[in-house]
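See below for the structure under consideration.
The values are calculated or read from the model by the stated rules, or taken from the named source; none is laboratory data. Source: prediction; values computed, not measured. Note that we place each Cβ from the backbone using ideal geometry, even for glycine, and neighbour counts take in every protein chain shown.
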Amino acid sequence: MYFTQPWHPASRMNPSVHHHRQIIEVSGEGTVSAPPDRAVIDLGVITENPSLSDAQRDNAASIANIVHSLVQLGIPKEQIQTVTYRVDIQYNYVEGKQILRGYQVTHMLQITLEQINQTGLVVDTAVNHGANSVSGIRFSIANPDMYYNRSLALAVKNAEAKAMTIARTIGATLITLPVKVQEEARSREPIPYQASLMAQSAPATPILPGELKITAAIRAAYTYA
């Protein structure tokens, strides 16, 4: 004798029916502090003169003087490069009329230092040899991946701690192996320290690099019972 059972649609092998999972989705963030090992300095010369050729000549002489002085400090020439060269026409306005006043030549250099303790010395030396603008000092880490990976590990632990707190609060048991982990898009370069000033000659300018913070963020999904 054969018996048959009534067929129900839900009895098919449908993962959404038989294996429905309860999900807790959280974000995690981790931050690691690290000492910088590279400094990038933007400085140069701004020259104004009624004569364009005179402005260019004076500017070029000052830049050559700066570069020579930095090379004398032991900075390789390949670590000194031009990042801006610009000629602007200067005008005066008299009774609504535009009158040519002269020309402004701007030549900015970027100096990359691996000995960051030389930062103040480089700024002072450049200023003493003709630089009249320091537009930025940025500290960074040449190889930030090691620190970023540490912050990424902290972000994963932070996400797990949040998920455990949520599960405990609702009276559930968290499955600590996440079903999904997604790295949030974020720059791996540390946020640089910025300094901007019109350069003035001063002995032993104190430049303090401090520490940089490298942050990673993730999103993770956990199941619970």
Scan (1) part of a strand (DSSP E or B); (2) surrounded by 17 or more Cβ atoms within 10 Å (Cβ to Cβ) for the single condition residue 89 breaks and write down its number. (2)
Answer yes or no: is there a residue in region 146-156 that is touching a residue at least 12 places away in the same chain (Cβ under 8 Å), surrounded by fewer than 18 Cβ atoms within 10 Å (Cβ to Cβ) and not in a helix (DSSP H, G or I). no
Here are some residues: 161, 185, 142, 172. Which one is part of a helix (DSSP H, G or I) and either closer than 19 Å to residue 216 by Cβ or modelled with pLDDT of 90 or more (or both)? 161
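Rundown of residues vs (1) outside any strand (DSSP E or B); (2) surrounded by 20 or more Cβ atoms within 10 Å (Cβ to Cβ); (3) at pLDDT below 95, yes/no style:
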site	(1), (2), (3)
54	yes, no, no
65	yes, no, no
99	no, no, yes
106	no, no, no
117	yes, no, yes
126	yes, yes, no
Just to be sure I understand, how many residues within region 22-52 are crowded, with 17+ Cβ neighbours inside 10 Å and assigned to a helix (DSSP H, G or I)? 0
